[in-house]
1. What aspartates and glutamates sit close enough to Lys10 to cross-link, taking a C-alpha to C-alpha distance under 14 Å and skipping anything fewer than 8 places away on the same chain?
2. Rounded, prolate or oblate for region 191-347? Axes are the square roots of the Cα gyration tensor eigenvalues, ordered a ≥ b ≥ c, and the cut-off for rounded is a/c under 1.5.
3. When a/c reaches 1.5 or more, the comparison of a/b and b/c decides; with that in mind, is region 53-142 rounded, prolate or oblate per its Cα gyration tensor?
4. With the full set of protein chains in place, find how many percent of the accessible area of the chain is carbon and sulfur; take the probe as 1.4 Å.
5. Could you tell me which Cys residues in the chain have no other cysteine's Cβ under 4.7 Å from their own Cβ, answering none if every one has a partner?
6. What does the helix-only formula give at 222 nm for the chain: each DSSP H stretch with n ≥ 4 adding -39500 (n - 2.57), the total divided by the residues, and the result rounded to the nearest 500 deg cm²/dmol?
7. Quick one: work out the % antiparallel among DSSP beta bridges in the chain, nearest 5.
8. Report for region 88-250 the percent antiparallel among DSSP-assigned beta bridges with both residues inside it, nearest 5.
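The values are calculated or read from the model by the stated rules, or taken from the named source; none is laboratory data. All values derive from a computational prediction rather than experimental measurement. Glycine gets a Cβ as well: all are built from the backbone with ideal geometry, and neighbour counts include every protein chain shown. For accessibility, only protein heavy atoms count, side chains too; no ligands or nucleic acids. Shrake-Rupley method; radii C 1.70, N 1.55, O 1.52, S 1.80 Å.
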Amino acid sequence: MQVIEHPVEKLHSALRSTRKELIEMYEKYSKEEKSFLEGCLIPGDSLFGPITIHSDSDWIPSHPEAPQDFLSFYSNPYRSTPNNDHKTIYIQTIGSFGEGAGITEQYVEWLREYCQAFYYGLVVKLLPPVTVASTNCTFRVNSNSYNLQLHAGELLSFLKKKKPKDAFCIVGITMIDLYPRESWNFVFGQASLTEGVGVFSFARYDDDFYKRSYAGRLKKAVRLEPGNYALFQGYYTPPITSKLLLRSCKTLTHEIGHIFGVQHCQWLQCVMQGSNHLEESDRRPMDVCPICLRKLQSAIGFKIADRYKALLCWIETEGGASVPHSGKPTQSFQDFRQWLCKCLNILQDEMF
Ligand SMILES: [Zn+2]
Ligand SMILES: [Zn+2]
């Protein structure tokens, strides 16, 4: 296992930058926020450890590129930033999300509330669900895993047309696997930065996906006729467990981060780290490192403590504000809860 250790000075300049106006902007953070952000860069800090590489198939060794510091994020002319007329993130569910009345609604509502806490200050709204048929997109059966897959690029075009006027972005989510083009096996998601559109699948976050017994495998060779969307009726969807909820919250917030222009993080353990496979994605923490936090904060404008409080409140509120008594499965979020409490303690202690 390889540990990526950056000298603390390098992390500092990645956070504050070396450009005068960006340092001045940084100085506008409160004393507590600055000492929190900077304290977290010190090696051995318990909140943000160094990134570890476990094998050559991990993201960093297989995609060598320069790390994105605050300056290169901020000066990217192609990134989109929310503003008063475009401050809503729209989530569009595509196809079924589970059996049983109400489960889909609850699960998607939990995701919505989580995103709204994570991107604190923005509004996250759900668009009415659509069926696979209504997207009119091409699909196929994967020739190795025999599960149904939707064409990601065509879904992006569908979503682009549906994007409301006040949207910062629109993200499609589905429990059906995606593929970007014939020659590719699959893709977790795809996004267009300049258009503010993304589509992501949670199919592979099912614990059983890579098992032979996976219920989404089509048993016999099915004759695929274009436009025969009947196959999607009653098609397998993963059971909604605490782990699936955690993985979907993590994926959705990571992918929306890209729409803000945040690239894969190579600084410290961070939800914006790239991931090539499920094990690597499980290894990522739920939240952003101080450098990516500044990127999001500069785009949205929240108080750091308020955002942590909102995330904590999401974990601690049974069922969520708008779906009472629904038993939100937060068991998998308990480590994150403790982590948030530690962050808040540091931010609040400093006030006295
Ligand atoms: Zn990514
Ligand atoms: Zn980061």
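1. Partners within reach: Glu38, Asp69.
2. prolate
3. Judged from the Cα gyration tensor, region 53-142 comes out oblate (a/c at least 1.5, b/c at or above a/b).
4. C and S atoms contribute 53 percent here.
5. Cys40, Cys115, Cys137, Cys169, Cys249, Cys292, Cys313, Cys341, Cys343, each lacking another Cys Cβ under 4.7 Å.
6. -10500 deg cm²/dmol
7. About 35 percent, rounded to the nearest 5.
8. That works out to approximately 25 percent antiparallel.
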